[in-house]
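Since the structure comes first, as structure tokens, the remarks are kept for the end.
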Amino acid sequence: MDISIIVPLLNEAESIPELFQWIGRVMDQNKFSYEVIFVDDGSTDESWSIIEGLKADNPDIVKGIKFRRNYGKSPALFCGFEMAQGDIVVTMDADLQDSPEEVPEMVRMIREDGYDLVSGWKKKRYDGKFSKNIPSKIYNWTARRVTGLKLHDMNCGLKAYRKEVVKNIEVYGEMHRYIPFLAKNAGFGKIGEKVVHHQARKYGKTKFGLDRFVNGYLDLMTLWFLNRFGKQPMHFFGLCGSGMFVLCFIAIVVIGVNKLVCLSHGVPARLITDNPYFYIALTGIIVGTLMFLVGFLAELVSRSSQNRNDYKIEKEIK
């Protein structure tokens, strides 16, 4: 099979038939063999009934997954990736804002140009300027600095992947925003970008609020930390804790020496315990010690993990 198209959705009953017909036209025009996997993320409308109807009419093309409740886009993509059988896997949203017309070129970039992943870039957006557009630019600027990936629209739902990519990454929580970064960490470094046409929403309303930017920032920090220190947490906590301990210990020594010098010269000096810097330094020593212990315990947990030697091996010769 050439292509698996995964469509996560939540209450998109009005757009599903139109999207499926659109996908079918594009696939048939380019003579692709394909499957469409709809992942219903706990819809409360008629979405699943429509998917069942499409399955009855197209048993060899349509597949479906229905969650009992709303889990989020990342779990939906994870389950879709597991089911996908195509050599190239494409993800797109169900709201008709992503155009299937972009898929053939993205497939060509993977097949002919050798990309592992091609991410869409909605260069011209039809979202609200202040509610999505400007926050999205700030978010993507931050993501580029942290991940090192020169992508303008990391969170674009329209992406194409080599099959090996989706079978070697784990998408969880709300990490769907950073699939290119997950792919890079898994050893798939050839990641490209294609400008795609973005359309105004035709039916319904968006399922995402401004809180996604806060959550996205926290998820980005989590991924960065796990990638940098996940298998060696002592390198972070131990270093920070040791540095804080040493600096604050020196500060206490300086306070004590200053007291002795004053006494030796007969200069009146207040008690060390009356000096606020003494308590600040003492607190720093305690915090530094605790950070060191946290790093030590995290190292023990990391070394006990069953995945501590889970390395991505591309080829072997025996």
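Quick look at the numbers
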read-out	value
Residues located in the range 226-236, provided they are modelled with pLDDT of 75 or more and open to solvent by less than 50 Å² (accessible area, probe 1.4 Å)	Pro233, Met234
Count - residues of the range 292-318 that are over 27 Å from the mean Cα position of the chain (by Cα) and at pLDDT 80 or above	3
Test: residue in the range 12-23 that is among the polar types (S, T, N, Q), in contact (Cβ under 8 Å) with a residue 60 or more places away in the chain and open to solvent by 60 Å² or more (accessible area, probe 1.4 Å)	no
The lone exception for Ile51 - which of (1) in contact (Cβ under 8 Å) with a residue 60 or more places away in the chain; (2) touching a strand residue (DSSP E or B) at 6+ places or on another chain (Cβ under 6 Å); (3) of a type outside the set (D, E, K, R); (4) surrounded by 21 or more Cβ atoms within 10 Å (Cβ to Cβ) it fails	(1)
Filter result for Gly256 (within 24 Å of Gly238 (Cβ to Cβ) and either hydrophobic (A, V, I, L, M, F, W, C) or at pLDDT 85 or above (or both))	no
Members of the range 61-84 that are open to solvent by 30 Å² or more (accessible area, probe 1.4 Å), closer than 15 Å to Asp2 by Cα and more than 23 Å from the chain's Cα centre (by Cα)	Ile61
Failed condition for Pro276, given (1) out of contact with any helix residue (DSSP H, G or I) (no Cβ under 7 Å at 6 or more places or on another chain); (2) open to solvent by 60 Å² or more (accessible area, probe 1.4 Å); (3) touching a residue at least 40 places away in the same chain (Cβ under 8 Å)	(3)
Residue in the range 125-138 that is open to solvent by less than 60 Å² (accessible area, probe 1.4 Å), closer than 26 Å to Tyr178 by Cβ, under 21 Å from the mean Cα position of the chain (by Cα) and modelled with pLDDT of 90 or more present	no
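The values are calculated or read from the model by the stated rules, or taken from the named source; none is laboratory data. Quantities reported herein were computed from a predicted structural model and do not represent experimental measurements. Cβ: placed from backbone, ideal geometry, glycine included. Neighbour counts: every protein chain shown. With ligands, DNA and RNA removed, areas are computed over all heavy atoms of the protein, side chains included. Shrake-Rupley method; radii C 1.70, N 1.55, O 1.52, S 1.80 Å.
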